[in-house]
Ligand SMILES: Cc1cc2nc3c(=O)[nH]c(=O)nc-3n(C[C@H](O)[C@H](O)[C@H](O)COP(=O)(O)OP(=O)(O)OC[C@H]3O[C@@H](n4cnc5c(N)ncnc54)[C@H](O)[C@@H]3O)c2cc1C
Ligand code: SF4
Ligand code: SF4
Ligand code: FES
């Protein structure tokens, strides 16, 4: 099948972005990561036959495990290695995530998301309390730090007080693994920078490419940080 | 105390940073992408340690023996002893930093993995690497906040400053490039290499990330550092081609009962169970990959080989292999609960790399190496579950040695040294694909003199044609791999030769060393 793919481009160091369209013939069921790889060829041209520079994008695992390739495909934030071209219309767009500064083409600088974790004390104070019933901690550990959740969140803007789900999810593991005394500072970060800012619209839930049950994370973290309930009685779903 | 440079922030780099910080030693943790993107997050199956939680009377001695035997007796015995005896301590450390391993009755539970007779592999459902990495990253963050670790993500290390002195090689620092601004810096001080395996030489053919380019391994080689055991490349038996890469179907699938078969006389033949009654489909990876290759060559068999997982029960799928099932459905459109899956071996792990001693020193003073970029612990074939362990323990060991050997001078901030010139990415990728074609033609699962010679001839031509561009260093590293494989005129572990099918302990029962001197590659076994 033939596609017209319009990509929002940005030269490194420039202050201007522009759209460029490429013609692409699909071999079947490939994902957008493979599509980008194939568009990038020596002497590549755009749909009008004009010479084009290779499209820069970030990837690593190519199997939904590292969060590197998050971008906005046909208006929806997702992982390029997760999105099949067969699920896209004949004409569609690829754009970088919008809540972070663009570095080049589809590459954005997500440092702020990771710096936020540091300023919110997202680490374990003391030793973890291991328990057999650790499924929630496991689920909270799979967060990819991809930033897709921030893209759709109506309440998140970079630099604001509300830190978003990419901070809330890793916090869940730590809150569950510390006792109330150890987790005091993290709990207050949670209340101030997550609980008080989150509108609970759960727009982020359906977008998370790791399939994290955001609802469950919030319920568990709230139980510990807001209602100060003992870890071993926290909510299971 | 001097700050130590750590190049790479996967499990080995993070482990080194934590070990240094525990001793109050600052480090600069440099990686081209944040740790969340490192190959270590892809490990699924688990990490080995004798915890003896499964009622099988497992011992450290057996872990030691299985590792030596799996590596066909060329790994350093003392190093393997140290690794296996500290393994339980490493799991204990991971538990303390909150890794949610699968547990029952207050204990971490363990599963079977290839080449080991007892259940010795601790795991976190089917994302062990990711879950361990999340906890290590959180732990490093604590030290970052305390000013002991400085993380420089999106910084590409472009070269290691190794100088020849009268007393030998000496590592003085490294060059790095901020990939967001293209600005280059030089950071003085000792270096722990933790930049992962050489996947970049085999784009599209490995289960790992091509972001581990192998370029730094080539760089230090050209600067005189010894590499070893480059011919030992592990082909994982159960991978599938998904276009851009090879997708691994974890060994845990066989650990939990999955079996391989090929069609023979219109009937499925579970060849591993018949040929190796004791270990069956869960034999070491080199053995399984080789047998898969052989049955596919037989006239009475019809390729491909299938992985049959239909016998795995529902609770096991749900509690231990849930990701695996969803991967297969997503990528291949078949449900492994109902249908067998066609598989073939793919490049998965590099046993060889930078030669290190028991304490992770290289032959350049001030350069240490750990994790998959280093050659230690795994001999001729790595056992599943031993590389996360090797990277975790190795990173720690490298840090301890570096801590002892680092002096008391201030090395200050990385200094700006201009801008990177960049290079033509599409031309590089096209060249890398061509080089990969040459390398895989010579370094397949079963090798012989003639195919390796002809690959080497072509690679020599390729290296000459790329003498002045960024592909050259990789081509020299490829030549070193082929020359190592040619020199080892026997079959051992992952190195299997049809023209020398026997193991020859007398002539080859040791490591292969590889050095670059005066523009020439020298091999010594
Ligand atoms: C699919 C898969 C499954 C696996 N499953 C298991 C398993 O179940 N059990 C097991 O024990 N092992 C497993 N392994 C192997 C294991 O994951 C790796 O060997 C191990 O994680 C390597 O860790 P590392 O720290 O050495 O390197 P990596 O995690 O690869 O980290 C390398 C680091 O170096 C950085 N880097 C690379 N080049 C540069 C550069 N030029 N400049 C700056 N930074 C650079 C990267 O950004 C990264 O931070 C698996 C591997 C794969 C691919
Ligand atoms: S629930 Fe709504 S407000 Fe809260 S993080 Fe998700 S999208 Fe944002
Ligand atoms: S919560 Fe989900 S969407 Fe948000 S950063 Fe983590 S993995 Fe990505
Ligand atoms: S490349 Fe890792 S998630 Fe897409």
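All of the numbers you see were taken from the coordinates with simple rules; none came from a lab. Worth saying up front: this structure is predicted, and the values here are computed from it rather than measured. Every residue, glycine as well, gets a Cβ built from its backbone with ideal geometry; the counts of neighbours run over all protein chains shown.
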Residue with peak Gaussian network fluctuation, chain A [Cα springs, cutoff 10 Å], from A:107, A:194, A:47
A:47
Spin-label point model (7 Å from Cα, Cβ direction): what's the residue B:451 to residue B:425 distance in nm?
3.4
Only helices counted: for chain A, with every DSSP H run of 4 or more residues adding -39500 (n - 2.57) and the sum spread over all residues, [θ] at 222 nm is -6500 deg cm²/dmol
Determine the gain in length on full extension of the stretch residue A:132-residue A:76; use 0.36 nm per residue of separation and subtract their C-alpha separation, reporting nm with one decimal.
16.4 nm
In whole angstrom, the spacing between the Cα centers of the stretch B:281-343 and the stretch B:83-115 equals 26
If I take every Cα pair under 8 Å that is 6 or more residues apart in the stretch A:2-107, average their sequence separation and divide by the length, what percent do I get for the relative contact order?
35
Quick note, the stretch B:159-235: a/c under 1.5 would make it rounded; otherwise a/b > b/c is prolate and the rest oblate (a ≥ b ≥ c, C-alpha gyration tensor); here it is oblate
Helix A:165-177: angle to the longest alpha-carbon principal axis of chain A, degrees 0 to 90, nearest 10?
30
Listing B:72, B:365, B:417 by rising number of other beta-carbon atoms within 10 angstrom, fewest first, gives B:417, B:365, B:72
Alpha-carbon centroid distance for the pair the stretch B:1-34 / the stretch B:121-140, whole angstrom
18
On the formula 1/(1 + (r/R0)^6), with r taken between the Cβ atoms of residue B:263 and residue A:98 and R0 of 51 Å, the FRET efficiency rounded to 0.05 is 0.50
With a cut-off of 8 Å between alpha carbons and a minimum separation of six or more residues, what is the relative contact order of the stretch A:111-225 in percent?
35
Please compute the modelled spin-label separation between residue A:18 and residue B:339, points set 7 Å along Cα→Cβ, answer in nm with one decimal.
4.7
How would the stretch B:360-473 be classified by its alpha-carbon gyration tensor: rounded, prolate or oblate, with rounded meaning a/c under 1.5 and the a/b versus b/c comparison settling the rest?
oblate
Give the span of the stretch A:2-107's Cα atoms along each principal axis, as three whole-Å numbers ordered largest to smallest.
33, 31, 24
Rounded to 5, the percent of DSSP beta bridges in the stretch B:436-525 classed as antiparallel:
75
The stretch B:237-347: relative contact order from alpha carbon pairs under 8 Å, six or more residues apart, as a whole percent, is 34
Of A:38, A:98, how do they rank once you tally other Cβ atoms within 10 Å and put the fewest first?
A:98, A:38
Expected sort for A:227, B:195 with the fewest Cβ neighbours (10 Å cutoff) up front is A:227, B:195
Antiparallel versus total DSSP beta bridges in the protein assembly as shown: what percent is that, nearest 5?
75
Surface/4 estimate of mean projected area, convex hull on alpha-carbon atoms of the protein assembly as shown, nm²
31.7
Semi-axes of the equivalent ellipsoid of the stretch B:127-268: what are they in whole Å, largest first, if each equals the square root of 5 times a C-alpha gyration tensor eigenvalue?
37, 22, 15
The FRET efficiency for residue B:170 and residue B:314, from their Cβ-Cβ distance with R0 = 51 Å and rounded to 0.05, is 0.30
Using the C-alpha gyration tensor of the stretch A:79-227, what are the square roots of 5 times its eigenvalues, in whole angstrom, with the largest one first?
29, 17, 14
Using only the Cα atoms of chain B, build the gyration tensor, take square roots of its eigenvalues as a ≥ b ≥ c, and label the shape rounded, prolate or oblate: rounded if a/c is under 1.5, else prolate if a/b is larger than b/c, else oblate.
oblate
Sites residue B:505 and residue B:278 - FRET efficiency at Förster radius 25 Å, r taken between beta-carbons, to 0.05
0.65
What share of the DSSP beta bridges in chain B is antiparallel, in percent to the nearest 5?
70
Once both labels are modelled 7 Å past Cα along the beta-carbon direction, what's the residue B:89-residue B:330 spacing in nm?
3.9
